[in-house]
Amino acid sequence: MLAEGQGVPAPVHIIYVTDAVAFEVSKILSDGSSTTQAWASLGAVGPYFINTDASGNVYTLNTNAGTISKITPAGVVTATWATITANDSFIVKDGSGNFYTLLNNATNSVVTKITPAGSVNTGWAALHGGVNIGLAIDASGSLFAVGYSNGIISKTTSAGSVTSTWASIGTTLTSNAIIADASGNVYVARGNNTISKITAAGVVTNSWATLTAAPVALAIDGAGNLYAPIQSAGTISKITSAGVVTNTWATIGAGTGPNDIAIDSEGNLYTTNNTAKTISKITPAGVVTTVGTLTVAPYHLTIL
């Protein structure tokens, strides 16, 4: 029983992390009390992107193998739960538990849909030609993808209706990541150290926020604040919903190489630090701790 004044203890979340070199998924508790490296081994399939379902099952997109693996909360692995296309990337989930992946090539970028039962619709939606970097989903189930070098953003509704050129952010600068907020606004991290904002109506504001270096990923909290890991500096930048930037909001450390970022229900952030081989937790106040240390470089993460 809690003593008076102690309050309710913070929930402990489970962080799952992929490593595409050792072909494993590691499990870390958010309070730092436990790290299980190689919690699940997937064989030589190279798990890279990762997501979960409402029942706590974990899914990895194995890019080179063209498969999705399913891992139960007990760690039981179905190595080939679904067969997609080799070189598919990203895996996002809608409110009904469907997953979506993105296949890129110069002339035929397509979205594949996978139902909760594992039924695959390859090429469910055809996008514009050109390599897309990132796949985002909004609260209505609409999907957004942005061209790495052509700056074209496509929108695909939950019914599979595609607007190939929903918005354009320009062709001169590469795009690094894309995310949507609860209101349907879309944000794109740019190679020129800026973030572009596109409203739900498709109105573009380039250089909506300017950072000190190019962010490699984006996360968003319930208040609409954006967080961007700066891999080269080992820092996290924060951008309010009004576009106010704090470039060094949190410092993980020089040479740590924060690579991916995710947020839990209490607003704590977690990063995979590829160079340091660690997992960091950053509180809403910007306090940084290391909650997991691995012997392999972590890539992407998801949180339950």
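Each value in this text was obtained by applying a stated rule to the coordinates, not by laboratory testing. Note that the structure is predicted; figures quoted are calculated from it, not measured. As a convention, Cβ positions derive from the backbone with ideal geometry for all residues, glycine included, and neighbour counts pool all protein chains shown.
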Point-to-point label distance, Ser207-Thr289, nm (Cα→Cβ direction, 7 Å offset): 4.1
With all distinct Cα pairs included, what does the Kirkwood hydrodynamic radius of the stretch 66-149 come out to in Å, to one decimal, could you say? 13.3
What are the semi-axes of the equivalent ellipsoid for the stretch 131-278, taken as the square roots of 5 times the Cα gyration tensor eigenvalues, largest first, in whole Å? 25, 16, 14
Just need the relative contact order of the stretch 185-225 here, percent rounded to a whole number, with Cα pairs under 8 Å and 6+ apart. 35
Once you've got the GNM for the chain with C-alpha springs shorter than 10 Å, pick whichever of Thr101, Thr278, Thr199 has the biggest mean-square fluctuation. Thr199
Could you state the principal axis extents of the C-alpha atoms in the stretch 1-151, from the largest down, to the nearest angstrom? 63, 35, 30
Under a crude label model (7 Å from the Cα following the beta-carbon direction), how far is Thr240 from Ser161 in nanometres? 3.8
How charged is the neighbourhood of Asp138? Take every other residue with its Cβ under 12 Å from the Cβ of Asp138, and add Lys/Arg as +1 and Asp/Glu as -1. -1
Using C-alpha positions alone, give me the convex hull volume of the stretch 1-84 per residue in cubic angstrom. 101
Over the Cα atoms of the stretch 214-293, what radius of gyration and what Dmax do you get, in Å? 11.2, 35
Looking at this model, which pairs from Lys27/Lys70; Lys93/Lys113; Lys155/Lys197; Lys113/Lys238 are more than 21 angstrom apart at the alpha-carbon? Lys113/Lys238
I want the antiparallel fraction of DSSP beta bridges within the stretch 1-156, as a percent rounded to 5. 100
Take the Cα coordinates of the chain, assign each an equal point scatterer, and use the Debye formula without solvent to give log10 I(q)/I(0) at q = 0.13, 0.15 Å⁻¹. -0.91, -1.22
How much net charge surrounds Ala182 when only other residues with a Cβ under 13 Å from its Cβ are counted (Lys, Arg +1; Asp, Glu -1)? -3
Mean-position separation - Cα centroids, the stretch 83-108 and the stretch 1-73, in angstrom: 20
Summing +1 for each Lys or Arg and -1 for each Asp or Glu, what net charge is found among the other residues whose Cβ lies under 12 Å from the Cβ of Asp221? -2
